[in-house]
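Written below as structure tokens is the structure these notes are about.
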Amino acid sequence: MTSQIEATSAPHPIGDSVRRVDAREKVVGSAMFADDLQFGAGLLYARIKRSHLPHALIKRIDTSKARALPGVKAVVTGEDYAGHIGLYLQDRFIFCRDRVRYVGDPVAGVAAVSEEIAEQAVELIEVEYEPLPGVFDPEYGASPEAPLLHPDLGQYEVANFIFPEPGTNISNHFRIRKGDVDAAWAQCAAIVERKYRIPHVQHVPIEPHVATARVDENGKVRLWGSSQSPFAQRNLIAKSLGLSQSDVQVIAPYVGGGFGCKAGVSMEALAVAIAMKVKGRPVKLRLTREEEFYTAFVRQGLVAYFKMGCDAQGRLLAMENRFYWDGGAYTEYGVNITRAAGYSSSGPYNVPNVKTDSYCVYTNHPVGGPMRGFGMPEMHAGLEQCIDELALAVHMDPVQFRKINCIKTGDTLVTGMTMHATGLSECLTRAAEAIGWGRKEPPSAPNKRRGKGIALMWKAPAMPPNAGSSAKVALNEDGTVTVSVGGQEIGQGSFTIAAQMAAAALGVPIDWVRVATPLDTNYSPYEWQTVASRLTWSMGNAITAAARDARRQILEMVAKAWNENIEDLDIIDGKVISYKSEEAISLKNIVIYGIPLPNDQGWVGGPVLGRGSFMPTYVTGLDAETGQGPRAVVHYTTGAQAVEVEVDMDTGRVRVLRGVAAFDVGKAINPEMVRAQMEGGFVQGLSTALFESLQLKEGVLQNPSFVDYRIATSTDVPPDIETIIVEVAQDDGPWGARGIGEHAMVPTIPAIANAIYDAIGIRVGAPPYTSEKVYLAMLEAGLVEE
Amino acid sequence: MSINAHPELPEFDYVRPATLMEASRFLAEHAGEARPLLGGTDIFVRMRDGFYHDKYLVDVKHLDSTDELSYDPQRGLKLGAGVNMNRVMASPMVQAHYALLAEACRSVASYQLRTRATIVGNICNASPAGDTIGACLVLGGVLNVHGVGGYRQEPLATFFRGPGKTVLQPGDIVTSIEFPPAPAGAAGVYIKLGRNTWSDLSIVGVTVYGYADAGRASGYRFQAALASVAPTPLLVPALEEHLASHPINAEAFRQAARLAQAACSPIDDVRGSARYRKAMVRTLTEKALQMTWKKLGN
Amino acid sequence: MANHRITLKINGEYEQVDVPSQMTLLQMLRDKLAFTGTKNGCNAGECGACTVLLNGEPVNSCMILAVECQGAEIVTVEGLAQDGVLDPVQQAIIDHGGVQCGFCTPGVLISARALINRNPHPTPDEISEALVGNLCRCTGYLRIVDAIQDAAARQESLAARL
Ligand SMILES: Cc1cc2nc3c(=O)[nH]c(=O)nc-3n(C[C@H](O)[C@H](O)[C@H](O)COP(=O)(O)OP(=O)(O)OC[C@H]3O[C@@H](n4cnc5c(N)ncnc54)[C@H](O)[C@@H]3O)c2cc1C
Ligand code: FES
Ligand code: FES
């Protein structure tokens, strides 16, 4: 007999690589994205007047000419909205009020009958600025000499785990004080000290941001957008505009790539604010690709100092790290990246003595936000190179060094938390094996050199301690199942695993399950945000609970109807069966209409509707001075990547020939989709390693288009990426699962950097490792002649 | 691209004249506010970016023989202005006699862009980065130009005046480009160094073309053209002279590459620094010469 | 501003449309005719999300004026499947997991269809090169390349059976 909780039907949908539930509509072109929705002739178009200066006071805004332009329906400025907005720190206005803080800061918005008229109106808006000196370097920004960008920092509403320092540009200072670093240095046989400057990068979803807002006569707001976070948007926009959350409805169809930039609130609030002034008419705002580069959340720049030491046996003894995050003009989201980097600042290593200072610093750069990895790719980029250097300094093989030091089950982490079960060592061993670690392959041509590199990673979901999920499982007349969730499908496959989990927990075939789309805050159950690689785990727990709830209702009904014990019943393949009476009944009809009792004695049951929710309750606060506490995070996903590269000595071009990715996902609910994440993440990591940086000159972006912001194309990727799934179960994950989406790109930069070193013996430093950078480094080192 | 790039194309009128003369006259009458349109792949980008403000785009793709691609062993190759790059690449005549041209086209953007992009458009756009221009220069391209005064010819070698600037006057329409028959056994190489493997604009582009030529002391004629390292696409006569008068060997190629390096005057921009470009001109010219040498059967 | 009346065939059906000069083919497809399967990712010829077939050849529909398409035959992603039967490239990309967010997918499928039409046996390198104008930020391309190679093979075996 099966247990009452774990439904086992064959074939079991968990661990089976079922086809994506959204694939068919996406290949025939019928899948709806936010810009595909039709709003009819009443639609108005919005354009935004943006600052061309990185830092200035607004002296005067004259919108009269714009207002007078025929076809213009509304012009909005910061005058109209005094409310702050922001996720962890409410430090921005929807439209700038007194000053602008980056190139692209929204100053005014227009709604007009056509996009062209809106554009013309924007050009007619006159803004008089008083330019102010800017901050373009986070380390300088943190210094007392820097001009103050947010004099009101002390007044902003802030989450209780963020520590701003009013009177400075530091919007969060996270500290780790574990052990005694100063005493430890003396015991070190080798110490490595390095500085890295990691550039800003853009998320570059292929779908640019788009939002359409409509406010009805009663002031109820409806927003259709490309959104990873319909509920967070509902909440933050409502708060900023002084509305009830229940009066803001966010509808979010498929997202054409997010990677973090469609989390929290960014341009959506602009559309709503403009729509407030033209009640009854939908207002659409879509960003051009250029605006996307200028104004969408960026991955923050980072200036990182690492100091680490080990004893002669290669045991890590101490780390002292200082991170200056280039948070940009507003750090409402970035402050938590600073914190995440702080509590993970040892990297995936067991280090007895750690001192970390992680600063989030206001600058006059684009606004930092969450990007795939949430600070971890930036931090690991330097950290994992230092680990390599330290290993070599004590004449140890970098893989061996990592084997000794990497985090293992039961270790005490940098925050004092105890490490849960983890398969990091296995990831390391298998990645090294797969790349042929220790074997040097001959180059493909005489003017080329080959090398191999490896890097480890860890990352925890970074979120408020109590970020929650919920789900509904409703059954239909024909026995099919509608799963409602608030977590978004952004390409990672969340709807497919939602269907798999519901099918498994309920006991129905996978193709009976539908996921209710689009997400709609009026009808979908609550989900904090689709970020942090938390859906499989958190939303998965909610779905499983909801499906089990529905299952219980069905079994209770049938038990009553058949006068049997619920323990003797099971649901298999869409039928309720009794192990005792060997009776069976299809779910069809009974899940809506119930079951008649014998002899016309009435009915049992009724429409079956399961509900489930999940919220971690065990995450504790961390001491503000030491960063110590019993449980900093819910869990860590760990993994390793290894690469083989070839460097062209003629040009400096680095080609990644092979990649290996090994991650401990707890349990692969859909192994092929896990592999797809590992591959896609690897390539995104490769792209940031070789090509990407936002080139900012005094706050002005020099490469705001695909012409000069290059991302990896189909011809830049290795022909093969070997993916290795390690499964050490997560104790509170559905079937033991934990997330993988972000992790897949975390170790790629340092793995490639380490391989470049192996090939040419040069530490090129910070990414991107462009042909030019590598060539000039070879020139400096005398490897090639001028 | 600016932050104020238009979301869509700004307003203009699309004009489709019936004859070349009508087109030339229209363009001349609307000097400064009309321009010829081929594939539009340069024009549309620049209009969206607010760089071009033309009131009229005059489609010249279908006029007279602009659609023609023809080869004659005596007269050589003629490419109508409207012939797109994919067609050039796919032509067996081009592959057989002007493989360098096909190679240069292949380096441009993507397949779908090349369904529209033309060689003549690439030339008239006069960007120093134009990928097909080097090949057209070393292959001895001559443009057929139709102006208000009728037809004339413009050799490519004297066509460029500066970035985006050419000898063309209002009313001038390039109708085709012609190439003389290729010398027997001639071979060429285009090395494009972009940031990506394919599809990027060039940081540096090096075209080398060579063939056996008994009239020169070395027995060979070599030419080189450089992209993205000067205000216009750049021919390097010093290289040609050096390799005409010195015995062909590795040292001669090395020296010739130094001459190419000396001839260029690159700038720093988002795609690369002047220093890197200079270095790449040397290493890639040397490499291109060696590759051409190999193709010549040595 | 001159409007032009054009007639063209889209996915096998004739359409007559009035378009202003500056309207791109992409705008016409999406905004005038609601063929929203074709996507706008950059409006600059770079990303390939807008790729459609024009007289059998793939083009960036954001880089063509609608008026230039007078008399042309256009195929968009909506026109690939026939009577509900997916094109081999569509089926293969599902089977190989080459779709994630799906925003690049319409353009990728059109490029793939055009490639197989002109080269029925593409090698992986040829496939990658043919896709260089279709940016995908999700998949890392490998599964897309596998899918297209498989689609070519499937198409061949299908043809052999007919
Ligand atoms: C995404 C993208 C990628 C690109 N990548 C590359 C690349 O890798 N390498 C490269 O070299 N270029 C590249 N380009 C630029 C462009 O595609 C090429 O320059 C192309 O060859 C232009 O040809 P066209 O037919 O589209 O020209 P059009 O845009 O039609 O015209 C170009 C210019 O020439 C003028 N002109 C056109 N026809 C005539 C004529 N008959 N007589 C006189 N003047 C005329 C026009 O008025 C205009 O000023 C790229 C463009 C885009 C959008
Ligand atoms: S939208 Fe046409 S190429 Fe990007
Ligand atoms: S699947 Fe998302 S961009 Fe390709």
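The values are calculated or read from the model by the stated rules, or taken from the named source; none is laboratory data. Remember, it's a predicted structure, so these values are computed and weren't measured experimentally. Counting neighbours? That spans all protein chains shown, and the Cβs are built from the backbone with ideal geometry, glycine included. These area figures cover heavy atoms from the full protein model, side chains too; ligands, DNA and RNA do not enter into them. Shrake-Rupley method; radii C 1.70, N 1.55, O 1.52, S 1.80 Å.
Along its principal axes, what span do the Cα atoms of the stretch B:12-182 show, with the longest given first and each in whole Å?
Dimensions of the stretch B:12-182 along the principal axes of its Cα atoms: 42, 33, 28 Å.
Heavy-atom accessible surface, probe 1.4 Å, ligands and DNA/RNA ignored: which residues of the stretch B:161-197 lose at least 50 Å² versus the isolated chain?
At a threshold of 50 Å² (probe 1.4 Å), the residues of the stretch B:161-197 that become less exposed are B:Arg195, B:Asn196, B:Thr197.
With the Cα gyration tensor of the stretch C:3-79 in hand, give its eigenvalues times 5 under a square root as the equivalent ellipsoid semi-axes, listed largest first in whole angstrom.
Working through the eigenvalues yields semi-axes of 17, 14, 11 Å.
When you look at the Cβ of every residue in C:139-150, what mean number of other chain Cβ atoms sits within 10 Å?
5
Arranged from highest to lowest average of other beta-carbon atoms within 10 Å per residue, in what order do the peptides A:310-317, A:436-443 appear? Each step should come with its number before you reach the end.
On the way: A:310-317: 18.4, A:436-443: 12.6.
So the order, starting with the most tightly packed, is A:310-317, A:436-443.
Using +1 on the beta carbon of Lys and Arg, -1 on that of Asp and Glu, and nothing else charged, what's the dipole of the protein assembly as shown about the Cα centre, debye to 20? Don't skip to the end; give the middle numbers.
On the way: 115 positive and 135 negative charges, 242 e Å.
Here the size comes out at about 1160 debye.
Identify, among B:Asn84, C:Leu158, A:Gln120, the residue whose Cα sits farthest towards the positive end of the charge dipole of the protein assembly as shown, taking +1 on the Cβ of Lys and Arg and -1 on the Cβ of Asp and Glu, with the dipole about the Cα centre.
Going by the Cα projections, it comes out as B:Asn84.
Probe radius 1.4 Å, ligands and nucleic acids left out: can you give me the accessible area buried at the B-C interface, summed over both chains, in Å² to the nearest hundred?
It comes to approximately 2400 Å² buried between B and C.
Report the full-extension gain for the segment B:Arg254 to B:Glu68: residue separation times 0.36 nm, less the Cα-Cα distance, to one decimal in nm.
Between B:Arg254 and B:Glu68, full extension yields 62.9 nm more.
Residues of the stretch B:21-63 that become at least 20 Å² less accessible with every protein chain present than in their own chain isolated, using 1.4 Å: which are they?
At a threshold of 20 Å² (probe 1.4 Å), the residues of the stretch B:21-63 that become less exposed are B:Phe44, B:Val45, B:Arg48.
Given charges of +1 on the Cβ of Lys and Arg and -1 on the Cβ of Asp and Glu, with all other atoms neutral, how large is the dipole of the stretch C:25-105 about its Cα centre, in debye to the nearest 20?
Computed about the Cα centre, the dipole is about 260 debye.
What full-extension length gain, to one decimal in nm, is calculated for A:Arg60 and A:Leu779 as 0.36 nm per residue of separation minus the Cα-Cα distance?
Stretched out fully, the A:Arg60 to A:Leu779 stretch lengthens by 253.6 nm.
May I ask what percent, to the nearest 5, of DSSP beta bridges between residues of the stretch B:12-182 are antiparallel?
If we restrict to bridges inside the stretch B:12-182, about 75 percent are antiparallel.
Restricting to DSSP H runs of at least four residues, report the calculated mean residue ellipticity at 222 nm for chain B, -39500 (n - 2.57) per run over all residues, nearest 500 deg cm²/dmol.
-9000 deg cm²/dmol
Calculate one ³J(HN,Hα) per residue across the stretch C:59-73 by plugging θ = phi - 60° into the Karplus curve 6.51 cos²θ - 1.76 cosθ + 1.60, and present them in order as whole Hz with x for glycine and proline.
Computed from phi, the couplings for the stretch C:59-73 are 9, 7, 5, 7, 10, 9, 7, 4, 4, 6, 9, 3, x, 8, 10 Hz.
Given labels modelled 7 Å from the Cα in the Cβ direction, how far is it in nm from B:Gln95 to A:Met32?
Between B:Gln95 and A:Met32, the label points sit 4.8 nm apart.
How big is the C-A contact in terms of buried accessible area, both chains counted, 1.4 Å probe, rounded to the nearest 100 Å²?
Its buried surface, counting both partners, is about 3700 Å².
For the stretch B:13-121, which chymotrypsin sites (Phe, Trp or Tyr not before Pro) pass both filters: DSSP loop (anything but H, G, I, E, B) and at most 15 other C-beta atoms within 10 Å?
On the way: sites: B:Tyr14, B:Phe26, B:Phe44, B:Phe51, B:Tyr52, B:Tyr56, B:Tyr71, B:Tyr98, B:Tyr111; in loops: B:Phe51, B:Tyr52, B:Tyr98.
The qualifying sites are B:Phe51.
Could you give the accessible area per residue of the stretch B:187-295, probe 1.4 Å, as a whole number in Å²? Don't jump to the answer; show the numbers that get you there.
Values: 3870 Å² over 109 residues.
So the stretch B:187-295 comes to 36 Å² accessible per residue, rounded to a whole number.
How much accessible area per residue does the stretch A:683-786 have, counting only protein heavy atoms and a probe of 1.4 Å, in square angstrom?
Heavy-atom accessible area per residue stands at 27 Å².
Within a 10 angstrom radius of each residue's Cβ in A:288-300, how many Cβ atoms of other chains show up on average? Whole number is fine.
Counting other chains' Cβ atoms within 10 Å and averaging over A:288-300 gives 4.
Measure off, as a whole percent, the carbon and sulfur share of the 1.4 Å-probe accessible area of the stretch B:7-86, all protein chains present.
That share works out to 44 percent.
Taking all protein chains as present, what is the carbon and sulfur share of the accessible area of the stretch B:187-295, in % to the nearest whole number, probe 1.4 Å? The partial results should precede the final answer.
On the way: 2170 of 3870 Å².
Heavy-atom surface of the stretch B:187-295 belonging to carbon and sulfur, 1.4 Å probe: 56 percent.
For a quick check: with amide H placed at 1.01 Å from N, whose amide H comes under 5 Å from B:Thr175's, ignoring anything fewer than 5 positions away on the same chain?
Long-range HN contacts for B:Thr175: B:Asn144, B:Val145, B:His146.
Once the principal axes of the Cα atoms of chain A are found, what is the range along each, listed largest first in whole angstroms?
So the extents along the principal axes, rounded to whole Å, are 96, 73, 52.
Sum -39500 (n - 2.57) across every DSSP H segment of at least 4 residues in chain A, then divide by the residue count to get the 222 nm mean residue ellipticity, nearest 500.
Working: 18 runs with 188 residues, N = 786.
Mean residue ellipticity at 222 nm (helix-derived): -7000 deg cm²/dmol.
Describe numerically, in nm with one decimal, the distance between label points set 7 Å from Cα along Cα→Cβ at C:Glu13 and at A:Tyr579.
5.6
Taking the Cβ-Cβ separation of A:Ile572 and A:Phe39 as r and a Förster radius of 45 Å, what is the calculated FRET efficiency to the nearest 0.05?
0.45
Put +1 on the Cβ of every Lys and Arg and -1 on every Asp and Glu Cβ in the protein assembly as shown; which of B:Val15, B:Gly147, A:Ala712 then has its Cα farthest towards the positive end of the dipole?
Highest projection toward the positive end goes to B:Gly147.
Restricting things to alpha carbons, tell me how big chain B is in terms of Rg and Dmax, in Å.
Every Cα atom of chain B included, Rg and Dmax give 19.3, 59 Å.
Whole-Hz ³J(HN,Hα) for each residue in the stretch A:743-756, computed from phi via Karplus 6.51 cos²θ - 1.76 cosθ + 1.60 with θ = phi - 60°, x for glycine and proline: what do you get?
For the stretch A:743-756, the Karplus-derived couplings read 4, 4, 10, 5, x, 5, 4, x, 4, 5, 4, 5, 5, 4 Hz, x marking Gly and Pro.
In what sequence, highest mean first, do A:78-86, A:705-713, A:750-758 appear when ranked by Cβ atoms within 10 angstrom?
Packing order, densest peptide first, comes out as A:750-758, A:705-713, A:78-86.
Could the peptides A:474-485, A:178-189, A:94-105, A:362-373 be put in order, highest first, of the mean number of other beta-carbon atoms found within 10 Å of their residues?
Most protected by this proxy first, the peptides run A:362-373, A:94-105, A:474-485, A:178-189.
Please name the residues of the stretch A:102-137 whose accessible area, counted over protein heavy atoms with a 1.4 angstrom probe, falls by no less than 40 Å² between the chain alone and the full protein assembly.
So the qualifying set is A:Glu119.
For a test of the definition: using alpha carbon positions, the gyration tensor, and the 1.5 limit on a/c, classify the stretch B:187-295 as rounded, prolate or oblate. Numbers along the way, then the final one.
Details: a/c = 2.32, a/b = 1.81, b/c = 1.28.
Here the stretch B:187-295 falls in the prolate category.
What residues have an amide H closer than 5 Å to that of A:Met417, excluding those fewer than 5 places away on the same chain, when H is modeled at 1.01 Å from N in the peptide plane?
Counting only residues 5 or more places away or on other chains, the set is A:Gly629, A:Ala632.
Per-residue HN-Hα couplings for the stretch A:267-278, Karplus 6.51 cos²θ - 1.76 cosθ + 1.60 at θ = phi - 60°, whole Hz, x for Gly and Pro?
6, 4, 5, 5, 4, 5, 4, 6, 5, 4, 8, 10
Could you calculate the FRET efficiency of A:Ala183 with A:Glu433 from 1/(1 + (r/R0)^6), where r is the beta carbon distance between them and R0 is 45 Å, rounded to 0.05?
Working: r = 38 Å, r/R0 = 0.85.
Step by step, r from the Cβ atoms, then E = 0.75.
Computing the accessible area with a 1.4 Å probe over protein heavy atoms, can you report the carbon and sulfur percentage for chain A?
Ligands and nucleic acids excluded, carbon and sulfur give 49 percent.
Please list, ordered by chain and number, the residues whose modelled amide H lies under 5 Å from the amide H of A:Asp520; skip anything fewer than 5 residues away on the same chain.
A:Ala252
Pop the C-beta distance of A:Ser114 and B:Thr19 into the FRET formula with R0 = 30 Å and round what comes out to the nearest 0.05.
E between A:Ser114 and B:Thr19, to the nearest 0.05, is 0.25.
Return the percentage of antiparallel bridges among DSSP beta bridges fully within the protein assembly as shown, rounded to the nearest 5 %.
Antiparallel bridges: around 80 percent, rounded to the nearest 5.
Please average, across the residues of B:269-278, the number of beta carbons from any other chain that are within 10 Å of each residue's own beta carbon, and give a whole number.
Averaged over the peptide's residues, the number is 4.
Let me spell out the model: positive unit charges on the Cβ of Lys and Arg, negative unit charges on the Cβ of Asp and Glu, origin at the Cα centre of the stretch A:657-786. What dipole size does that give, in debye rounded to 20?
Charge dipole of the stretch A:657-786: 100 debye, to the nearest 20.
Consider a paramagnetic label point 7 Å from the Cα of B:Asp269 along Cα→Cβ; state which residues of the stretch A:742-786 have an amide N under 19 Å from it.
Under cut-off, by backbone N: A:771-773.
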